[in-house]
Each structure stands twice: as structure tokens, then as C-alpha cells.
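Visitor: I have a structure I would like to understand better, so I am pasting it below and will then ask my questions one at a time.
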Amino acid sequence: MSEQTPRTILTSRELLENKTLTAQELVQEHVDVMQTWEPNVHAFLQSFADDALAQAKISDQNIQAGNAGPLAGIPIAIKDNICTTQGKTTAASKMLENFRAQYDATVITRLTKAGAVIIGKTNLDEFAMGSSTEFSAFGATKNPWDVSRVPGGSSGGSAVAVAVGESLGALGTDTGGSIRHPAGFCNVVGVKPTYGRVSRFGAIAYGSSLDQIGPFARTVKDTALLLQIIAGHDDLDATSASVNVPNYLDWCGKDIQGLKVGVPKEFLNEDINPEVKTVIEQAIADIQALGAIIVPVSLPLTSAGIAVYYLLAKAEASSNVSRYDGLRFSGPKVESGNLMDHYLDTRGQGFGPEVKRAILMGTYALSAGYYDAWYKQACKVRTLITREYEQVFKDVDVVVGPVSSETAFKFGSKTNDPLAMYMADALTVPVSVAGVPAISVPAGFTKEGLPVGLQVVAPHFKEEIMFQVAHKYEQSQEWWKRTPKLVN
Amino acid sequence: MITEEDIKKVATLSRLGLTQTELKSATKDVGNILDHFSAIQHIDTVGVPAADETGALANTAREDVVRSEQLATHADLLANAPATDKGQIKVPAVFTDVE
């Protein structure tokens, strides 16, 4: 456990502004950390170290000139399913191994406009389908708290990059828990915004009615800053909301006296690891000690979440990956003669096992004769789950619980049991289905030294309340300050 | 119960090549998963609209104008295609004499 308080985006910005540190020094520090840690964790698929240092020089000029943006000089890592004109965008798939995006995702444009320095592209489960980063076609990322364990997924690389200090912030995508889950496993903060809060333009689609790009950072306040910068309507994404973006930073520090915090009994059921339960119950007690009113609530459709989520996500995914034909974007080299064989071979070789399962299950659920019973039924239960959240938020301001019923699992323990892998997301998927925002914040450790994340869920477009509660809780504890030690 | 025939059918529909081993394990896995998910059939959804019909965000439109930042050269747009010919993407024949 590190003795020093780790750097955050906000504290680093202060050091840059008062000239204690230059942006080049700051970015170099992070490039050095990448050098040290990458052989142990493989969080990155591509490093942009040279470009980052050149960018940092420009940041220094802007800081000197007094016109630095809110993220000037800050190294940020980007999940490799978000398009950048810099480098490649592979989605951790052989299918896109050499793909170079012709445009930047809107979130990238917004970050760079704010002065951020993009330090590299991080590892993920292929096409964001997975909960452990084991399904990356380019090797798994390791959990820095115990390298025999997964970092969670699918945004494992981004979570680890922040956890070990390779970057001060990162972007990931969350479709069913892919930001919150690895944040919880790695002792960092991760946010899934309300569906439509952040533009998906440039995010390689997995489940188009579920996907959201969101931030990772060490602290709640840092993620509030990042969300502030990337959120808001985008003409280029017809599903992005025209809802005003509040000043999220202003809400970090507000008192939570009298706020109603719901604890759904379904979130702390008998399947939960007893140590996780202990940590979460303590976190709830700590929140109560800060003046919040704890209200037992019930979300009976929580257990239906997995089926609904996976039917929708895999159906949408099967449709989204049908564009990968090896003809417009290159895929693996195949020697097929006719068009059909070309498709079968390219897609057969280019996709990994989880993507293939997704395609098969999704296509089945959408096919004639099965559509009503599977996909359409899932769409209807989705309405019921959304109503359940809307209803509970009439009685409470936020809902809390564990991000996961278990801590980081061992490599290989679920790769042969797809259903078990799906169940890892049981507590994050219902939130995604309803489209409401949620944050994972460090809440403690088990006896084995594995992190536990607390999930705070807010109503649609009420991220400010989520930040308010999460920040107050975080600052009353010291969990976020713990950093993993390098073990050679 | 899902059969290998069912999986073969959807694999063909989705243009996905599967080895015999993959076919067998996919049949088992997808079957197992759908068995587990069949519980949602018992949830009463009579009169409940499908989520995409709840009208949250509908018919979002914008002016059909090209934005300069979206312009790319022909070369840029073809850069990722593995085979091109005279500025077009080259593909295997779609219609052939064989069935």
C-alpha cells in the first residue's frame, strides 16, 4: 500500500497552474509508470507516449499564456473501442487489428479541446463483450491488486491504467456494467452516465440502446469534471439528449443530511460474498452517519435483469457486428473464392468465442418465429424494469448496493462457463436496462486485499445527486488513497 | 431445446463460419443460456409497451447539411479497405451462375 496520497486530476491541475510542475514533467511521470507497470498488467494496447510528450509541450505553452483548458496537461487513457484518428482503434479484435479511424469520437474532440493529453488506448474484452478483459484478442489485462485475478471488464485496461497511475483519468464504455465492474475490482471510481447523456458518436457499437461512454478516475470529483466535459447534446448522435448539463463539480461537497438512500433487499441477497456484504453494510452505515436516511426498498425485477439485458444486448450486438465483412474494413486474411465463403471465413476467424456466442444468440432471438417470445418480451420487461426504478425514485433520492456480489475472480474461472460470466453483471445490468446513471466508488477491501466497489444509482439525468452522495461518502473514508504495490 | 440445426441456421443467416467443435459447444452454451433466460416468458407483460415504443426520444432530426469537420478525402475513406479498384471497394461477385 502506497504511503503518499496519489495524484488526482484536480490536484495535478493546481500543481500545473502554480508552476510547481510542468505538463511535460507530469506526462513524463506517467509515461515512466507505464514503462514500469505494463509488463505486469498489460493495460494498454497502444502507447502514444511520444505524441503525448509533444502534446504536453503545447499544454505548457497554453498554461504559460494563461489560456489553459480545464484538462490542460492531464494524461488520459482511452478504451480501444472509442475512435481516435491517432493510432489504431481495434476494439481488441482481430477483425479490426489494423483499423484506423478517419474521425475522432465526439468525446475525444471534447477532451482534447479541454487540453487533455491522450496517452494511449487501453485493453478491453473484444467489442466490449465480457466482464473480465479475458476475451481480448491481444491478451488479458491483469488486476494489479493480485495479478492472478481479472481486473473486471469489459473496460479492464482503463480501470487498471488509473489504478496503477499510468494515467490520471480514462474513458471506458458501459453497456451492462463495463465501467462500474472493473472500477469496483480495481479500487477506482467509474461512472455510467444516463443513456443519452454522453454522445456515442465514435464509440464502436455493442448494444446501441444501452452503450454509454463514461469516465474513470481516482476520485468522484475527478469523474465529475470529466463527465462535465464530455456530456451534452451532440448533433452527430441522434440518441444524445438535449438535457442541460449541470455543473457537477458544484454538487461535490454538498451536504447529504436528510437525503433518502434506498437499499434494495435484492442487492444484498444470499448469493453475495459475505466479506463484500460486510464492506457494503459498513459503507451504508457510514453514509447514514453522514446524515442520510437509509430506506429499505425493493426492486423485485432485479433478478430478471440478466435475461432482459443479455437478450437485448446480444440481439443488438448481432446486428451491430454484421458490418464486419472484411471488405470495407480489413479483417483476417482469407483465401476464400466466393462471397459467402469470404464472409464465413472472415467472420469465423476474425471473431473470438464470446462475440460468436453473441451473434448466434442474438440472431436466434431476433429470427422469425422466436422474435416475439425472446426479443419483444425482453423489450416489454425492460419497460417494467424502467418503471420499477422510476417508482422507487419517488420514495428515495438514490439507491445503493454492491457493484458485484463477488470480488475479482481468478483467470480462467469463468471463461468456460458463459452463463457464470454473465451472472457477474447481475447487479449492474438492471441499471443499464433502465437507462439510469450509476457510479462505482471504492468502499473497502476484503481480508485478501481485494477491492470492493459501492454502486450509487440515481434517477435519469440526475448524475449530480449521485456525485453528491458518492463524493461525501468517499471523503469520509480513505479507500481511494490506497494504491496497488508493484510485485516483481 | 436448441439443436445443432438451429445454430447452423442462425450461423448461416449471420454469415458466421463455425468449426464442428464450435458448433457443438455453441449449441450447448446457447441452449443452456436460453434455458436459463426462459424464465422471462413467465413475466406478465400483457398491455405493456415494448421499451422502444415508450416515445422517450423519437424522430430526432437535423438539417441535411455537410459539416466541414466531417469531410474526408476519397483516399481517407478507402484507406481501410483491403482491396480497391479505381476508387471503389473490390468485392467477390455477388451474383454468379452457380446457385
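The values are calculated or read from the model by the stated rules, or taken from the named source; none is laboratory data. From a predicted model like this one, the values you see are computed outputs, not experimental measurements. When we count neighbours, we look across all protein chains shown, and the Cβ atoms used for this are built from the backbone with ideal geometry, even at glycine. Each accessible area value is taken on the protein alone, full model and side chains, heavy atoms only, with ligands, DNA and RNA left out. Shrake-Rupley method; radii C 1.70, N 1.55, O 1.52, S 1.80 Å.
Visitor: Within the stretch A:418-441, identify whether any single residue is without any contact (Cβ under 8 Å) to a residue 40 or more places away in the chain and on the phi < 0 side of the Ramachandran plot, and answer yes or no.
Guide: yes
Visitor: Another question, then. Quick one: A:Tyr206 ticks every box in (1) outside any loop (DSSP other than H, G, I, E, B); (2) open to solvent by less than 10 Å² (accessible area, probe 1.4 Å) except a single one, so which number is it?
Guide: Result: A:Tyr206 fails condition (1) only.
Visitor: Report yes if some residue within the stretch A:364-379 is within 26 Å of the chain's Cα centre (by Cα), surrounded by 24 or more Cβ atoms within 10 Å (Cβ to Cβ), under 30 Å from A:Ile294 (Cα atoms) and facing another protein chain (nearest Cβ under 9 Å); otherwise report no.
Guide: no
Visitor: Criterion first (in a strand (DSSP E or B), in contact (Cβ under 8 Å) with a residue 40 or more places away in the chain and either closer than 30 Å to A:Ala238 by Cβ or more than 17 Å from the chain's Cα centre (by Cα) (or both)) does A:Ala92 satisfy it?
Guide: Against the criterion (in a strand (DSSP E or B), in contact (Cβ under 8 Å) with a residue 40 or more places away in the chain and either closer than 30 Å to A:Ala238 by Cβ or more than 17 Å from the chain's Cα centre (by Cα) (or both)), A:Ala92 does not qualify.
Visitor: Do we find a residue being within 21 Å of the chain's Cα centre (by Cα) and outside any helix (DSSP H, G or I) anywhere in the stretch B:30-41?
Guide: No.
Visitor: Kindly provide the set of residues from the stretch A:64-98 that are surrounded by fewer than 21 Cβ atoms within 10 Å (Cβ to Cβ) and not small (Gly, Ala, Ser), ordered by number.
Guide: A:Gln64, A:Asn67, A:Pro70, A:Thr85, A:Gln86, A:Lys88, A:Lys94, A:Glu97, A:Asn98
Visitor: Continuing with the same structure: Would you check if there is a residue in the stretch A:456-467 being acidic (Asp, Glu) and in contact with a Pro (Cβ under 7 Å, 6 or more places away or on another chain)?
Guide: Within the stretch A:456-467, one or more residues are acidic (Asp, Glu) and in contact with a Pro (Cβ under 7 Å, 6 or more places away or on another chain).
Visitor: Is it the case, given these coordinates, that A:Arg323 is closer than 30 Å to B:Lys90 by Cβ, free of Cβ contacts under 8 Å to residues at least 24 places away in the same chain, more than 25 Å from the chain's Cα centre (by Cα) and open to solvent by 50 Å² or more (accessible area, probe 1.4 Å)?
Guide: It is false that A:Arg323 is closer than 30 Å to B:Lys90 by Cβ, free of Cβ contacts under 8 Å to residues at least 24 places away in the same chain, more than 25 Å from the chain's Cα centre (by Cα) and open to solvent by 50 Å² or more (accessible area, probe 1.4 Å).
Visitor: Filter the stretch A:41-63 down to the residues that are among the polar types (S, T, N, Q), under 21 Å from A:Leu171 (Cβ atoms) and open to solvent by 20 Å² or more (accessible area, probe 1.4 Å) and list them by number.
Guide: The answer is A:Gln46, A:Ser47, A:Gln55.
Visitor: Scanning the stretch A:1-20 for residues that are polar (S, T, N, Q) and open to solvent by 60 Å² or more (accessible area, probe 1.4 Å), which turns out modelled with the lowest pLDDT?
Guide: Looking at residues that are polar (S, T, N, Q) and open to solvent by 60 Å² or more (accessible area, probe 1.4 Å), I get A:Gln4.
Visitor: Which of (1) within 7 Å of chain A (Cβ to nearest Cβ); (2) closer than 30 Å to A:Pro300 by Cβ; (3) modelled with pLDDT of 90 or more is the odd one out, the single condition B:Ala51 does not satisfy?
Guide: (3)
Visitor: When only residues in the stretch A:21-40 that are among the polar types (S, T, N, Q) and within 15 Å of A:Gln61 (Cα to Cα) count, which is most open to solvent (accessible area, probe 1.4 Å)?
Guide: Within the stretch A:21-40, the match that is most open to solvent (accessible area, probe 1.4 Å) is A:Gln24.
Visitor: Among the residues of the stretch A:219-251, how many are of a type outside the set (A, V, I, L, M, F, W, C) and open to solvent by 20 Å² or more (accessible area, probe 1.4 Å)?
Guide: Residues flagged as of a type outside the set (A, V, I, L, M, F, W, C) and open to solvent by 20 Å² or more (accessible area, probe 1.4 Å) within the stretch A:219-251 amount to 10.
Visitor: Go over the candidates B:Thr96, B:Thr45, B:Thr3 one by one and state the one that is over 30 Å from A:Gln86 (Cβ atoms) and more than 7 Å from chain A (Cβ to nearest Cβ).
Guide: B:Thr3
Visitor: Being surrounded by 15 or more Cβ atoms within 10 Å (Cβ to Cβ) and more than 8 Å from chain A (Cβ to nearest Cβ) is the filter; apply it to the stretch B:26-42 and report the residue that is nearest to A:Val334 (Cα to Cα).
Guide: Of everything passing the filter in the stretch B:26-42, B:Thr27 is nearest to A:Val334 (Cα to Cα).
Visitor: For the stretch A:243-261, what are the residues that are farther than 20 Å from A:Val399 by Cβ and of a type in the set (S, T, N, Q)?
Guide: Listed by number, the residues that qualify are A:Asn244, A:Asn247.
Visitor: With respect to the numbered conditions (1) more than 14 Å from chain B (Cβ to nearest Cβ); (2) closer than 20 Å to A:Thr386 by Cα; (3) touching a Gly at 6+ places or on another chain (Cβ under 9 Å), which one is the sole condition not fulfilled by A:Ile294?
Guide: Only one criterion is unmet by A:Ile294, namely (2).
Visitor: Related question: Is there a residue being open to solvent by less than 100 Å² (accessible area, probe 1.4 Å), facing another protein chain (nearest Cβ under 7 Å), of a type outside the set (Val, Ile, Thr) and touching a Lys or Arg at 6+ places or on another chain (Cβ under 6 Å) anywhere in the stretch B:64-87?
Guide: So far as the stretch B:64-87 goes, yes, one or more of its residues are open to solvent by less than 100 Å² (accessible area, probe 1.4 Å), facing another protein chain (nearest Cβ under 7 Å), of a type outside the set (Val, Ile, Thr) and touching a Lys or Arg at 6+ places or on another chain (Cβ under 6 Å).
Visitor: Identify the single condition in (1) facing chain B (nearest Cβ under 8 Å); (2) open to solvent by 20 Å² or more (accessible area, probe 1.4 Å); (3) modelled with pLDDT of 95 or more that A:Asn338 does not satisfy, given that it satisfies every other one.
Guide: The single condition A:Asn338 does not satisfy is (3).
Visitor: Going by what's in this entry, would B:Ala61 be described as within 9 Å of chain A (Cβ to nearest Cβ), at negative phi, open to solvent by 70 Å² or more (accessible area, probe 1.4 Å) and small (Gly, Ala, Ser)?
Guide: Yes, satisfied.
Visitor: For the stretch B:17-25, does any single residue satisfy the condition of being more than 10 Å from chain A (Cβ to nearest Cβ), under 22 Å from the mean Cα position of the chain (by Cα) and part of a loop (DSSP other than H, G, I, E, B)?
Guide: no
Visitor: Sticking with this one: Could you figure out which of (1) more than 8 Å from chain B (Cβ to nearest Cβ); (2) of a type outside the set (Val, Ile, Thr); (3) within 30 Å of A:Phe138 (Cα to Cα); (4) not in a loop (DSSP other than H, G, I, E, B) isn't true of A:Gln282?
Guide: Every listed condition holds for A:Gln282 apart from (3).
Visitor: I'm checking my understanding of the structure. Among residues of the stretch A:111-138 that are buried (at least 21 other Cβ atoms within 10 Å of the Cβ) and among the charged types (D, E, K, R), which one is farthest from A:Ser413 (Cα to Cα)?
Guide: A:Lys121
Visitor: Within the group A:Leu311, A:Leu301, which residue is in contact with a Leu (Cβ under 8 Å, 6 or more places away or on another chain), within 11 Å of chain B (Cβ to nearest Cβ), buried (at least 16 other Cβ atoms within 10 Å of the Cβ) and hydrophobic (A, V, I, L, M, F, W, C)?
Guide: A:Leu301
Visitor: Next question, about the same structure. Identify all residues within the stretch A:177-203 that are within 23 Å of A:Pro246 (Cα to Cα), not aliphatic (A, V, I, L, M) and not in a loop (DSSP other than H, G, I, E, B); write none if there are none. Walk me through it before giving the result.
Guide: First, the residues of the stretch A:177-203 that are within 23 Å of A:Pro246 (Cα to Cα): A:179-180, A:189-201.
So of that shortlist, the ones also not aliphatic (A, V, I, L, M) come out as A:180, A:190, A:192-197, A:199-201.
Residues satisfying the conditions are A:Arg180, A:Gly190, A:Lys192.
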